[in-house]
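The values are calculated or read from the model by the stated rules, or taken from the named source; none is laboratory data. Everything quoted here is computed from the prediction, not taken from an experiment. No Cβ is skipped: glycine too gets one built from the backbone with ideal geometry, and neighbour counts run over all protein chains shown. Ligands, DNA and RNA are stripped out before the accessible areas are found, and what is left, the full protein with its side chains, is counted by its heavy atoms. Shrake-Rupley method; radii C 1.70, N 1.55, O 1.52, S 1.80 Å.
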Amino acid sequence: NTELPDVLRGSYKGSFAYKTISERMPVILTKVIDLFHREKINIGNQYGDAAKEKLKQINGSLSELKSTMQRNKPLQPLAGAAADVPLWNRLLEEQWVDGEPPVWFDAPWLFVECYMYRRVREILENSGELRDYDYFGQQKRDTLEASIAAIELLGEHLLETVADPAALSGQQVKRAFSDFIGMSLWANKNDLSISAGAHVSQEASPLVQLVELNHRVLVNDSEQVFAQLRRLRDKRDVRIDIVMDNAGFELFSDLCLADLLTSLGIAQRMSLHIKAHPWYVSDTTPADVRHTLQHMQSADGKPALRRLAERWQGYLDAGTWVFEMDTFWTSPLPFSRMASEAPELYAHLQAANLIIFKGDLNYRKLLGDRNWPHSTGFCASLEGFHPAPLVALRTMKADLVSGLAPEREALTAGDPNWMVSGEWALIQLCECSDTARGGDEL
Ligand SMILES: O=P(O)(O)OC[C@@]1(O)O[C@H](CO)[C@@H](O)[C@@H]1O
Ligand SMILES: [Mn+2]
């Protein structure tokens, strides 16, 4: 095959990979260590003395992990009985080059960053009493609470929008789709990994932000997506999947988008893919979904949120919406390897009419974390990952991109951090699908 661009690595000094591995990832580990010091008494009260005693060993292991990273030591195999350990260790073997083990600042950035989060999980899952402790839970809950005003604004706007779907003109439906896609997109700025765990929250009105940031969407295929979805309107079993990202305001925005699609009859089913364990600080786990719905139900004085929580719980009870957790999403694999490494998941995605990928890490995995020439076709950069038509909603937080024409990139002139600040965004559609869809393909 033609020479593929290399993957991003920490060995490229000026890269965001280098900055992430040398500065941000150690801070994220340090915050977990500090959390366990701070929470020692509470953990003892809640999980018992044995757990409290374990904290010394846990923090010892976390410090050891951080030290191997900062001294660029070889990556060690994972231990434990978790189902994905064999896969991780096989992939680790793959990283050996000329008999040399992979080290943090030379192995693929995607691999070492995912590996760090999986090692933290390994330390907890092998610790006994604290195996299900969410060491990012406090940070996720804080950002949810701090975003409650924006959440209420968006919730009320959603209820108004879908109050009487039959009364909406085609143009109004199209505008609503574009608005809720845009608000789900920009909610991705709320990300605790890019902030290295520093507090983030949605302060601005999502509706005002949508207008203010519109000119920062470098590629916007949302019209094409909408036009094609309309073609499916006679199908009564349309399934749209969202491969989700961060908890907090982004999770709420994604569920508002899911509600719009469901309430307007654009989709009859939604598969919502979330993470099986804590991941990249703010990524959504089942506990985050439960906590968000509970927060909405108990939001005294916010009837809109209580109403939405009831409706969404109804969708879950009826199976209209299904949250799914495949270990593939917390693997280091680029999506081009899903068909071979996780064929059941790939086949499952093939049954979707559209897959929406949220956020930067998913975008990096779509592109194999390769350093593509920016004007490379978006579909070409997926390297054959075509289970179904897909659209990526991504605020840019890593120095890679595809499908970006030079005249669009020119809009970022004067902003040296345009690739990693989260201030610029993409809505990119790839209509390819490797299954015949009987003429109703996107
Ligand atoms: O996937 P998300 O939540 O949008 O972003 C993930 C992220 O914060 O972590 C990585 C850098 O540490 C980058 O992919 C990106 O900056
Ligand atoms: Mn994330």
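Structure values in brief
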read-out: In the stretch 254-286, residue nearest to ligand 2 (Cβ to nearest atom) [restricted to those that are more than 18 Å from L144 (Cα to Cα) and β-branched (V, I, T)]; value: T262
read-out: Filter pass, V391 being in the same structural domain as W372 (by TED's automatic domain parsing), β-branched (V, I, T) and open to solvent by 10 Å² or more (accessible area, probe 1.4 Å); value: no
read-out: Condition check for V289: outside any loop (DSSP other than H, G, I, E, B), within 16 Å of ligand 2 (Cβ to nearest atom) and at pLDDT 95 or above; value: yes
read-out: In the stretch 152-191, the residues that are among the hydroxyl-bearing types (S, T, Y) and open to solvent by 10 Å² or more (accessible area, probe 1.4 Å); value: T161, S169, S178
read-out: Selection count, the stretch 135-151, where residues are touching a Ser or Thr at 6+ places or on another chain (Cβ under 7 Å) and either open to solvent by 70 Å² or more (accessible area, probe 1.4 Å) or of a type in the set (D, E, K, R) (or both); value: 1
read-out: Members of the stretch 276-317 found to be touching a residue at least 40 places away in the same chain (Cβ under 8 Å), hydrophobic (A, V, I, L, M, F, W, C) and more than 20 Å from A187 (Cβ to Cβ), listed by number; value: A276
read-out: Selection status of L229, under 30 Å from Y117 (Cβ atoms), surrounded by fewer than 23 Cβ atoms within 10 Å (Cβ to Cβ), in the same structural domain as N362 (by TED's automatic domain parsing) and of a type outside the set (S, T, N, Q); value: no
read-out: Qualifying residue in the stretch 385-397 (condition: in a loop (DSSP other than H, G, I, E, B) and within 16 Å of ligand 2 (Cβ to nearest atom)); value: yes
read-out: Any hit, the stretch 98-113, residues being within 30 Å of E383 (Cα to Cα), more than 16 Å from ligand 1 (Cβ to nearest atom), open to solvent by less than 80 Å² (accessible area, probe 1.4 Å) and free of Cβ contacts under 8 Å to residues at least 24 places away in the same chain; value: yes
read-out: Filter result for the condition that a residue is open to solvent by less than 10 Å² (accessible area, probe 1.4 Å) and either more than 30 Å from D132 (Cα to Cα) or within 16 Å of ligand 1 (Cβ to nearest atom) (or both), over I266, I274; value: I274
read-out: The stretch 12-30, subset over 15 Å from Y280 (Cα atoms) and surrounded by 15 or more Cβ atoms within 10 Å (Cβ to Cβ), residue nearest to ligand 2 (Cβ to nearest atom); value: F16
read-out: Tally of residues being in contact (Cβ under 8 Å) with a residue 24 or more places away in the chain, open to solvent by less than 40 Å² (accessible area, probe 1.4 Å) and not small (G, A, S) across the stretch 325-349; value: 9
read-out: Residue in the stretch 365-377 that is modelled with pLDDT of 95 or more, within 16 Å of ligand 2 (Cβ to nearest atom) and open to solvent by 10 Å² or more (accessible area, probe 1.4 Å) present; value: no
read-out: Some residue of the stretch 237-253 being more than 20 Å from the chain's Cα centre (by Cα), away from ligand 2 (no atom under 15 Å from the Cβ) and surrounded by fewer than 20 Cβ atoms within 10 Å (Cβ to Cβ); value: yes
read-out: Residue match in the stretch 67-80 (condition: open to solvent by less than 70 Å² (accessible area, probe 1.4 Å) and over 26 Å from P334 (Cβ atoms)); value: yes
read-out: Any chance A352 is away from ligand 1 (no atom under 16 Å from the Cβ), aliphatic (A, V, I, L, M), under 20 Å from I240 (Cα atoms) and open to solvent by 10 Å² or more (accessible area, probe 1.4 Å); value: no
read-out: Conditions (1) assigned to a loop (DSSP other than H, G, I, E, B); (2) within 16 Å of ligand 2 (Cβ to nearest atom); (3) over 13 Å from the mean Cα position of the chain (by Cα); number of the one not met by D300; value: (2)
read-out: Candidates I33, I41, I58 - the one that is modelled with pLDDT of 95 or more, of a type outside the set (G, A, S) and open to solvent by less than 10 Å² (accessible area, probe 1.4 Å); value: I58
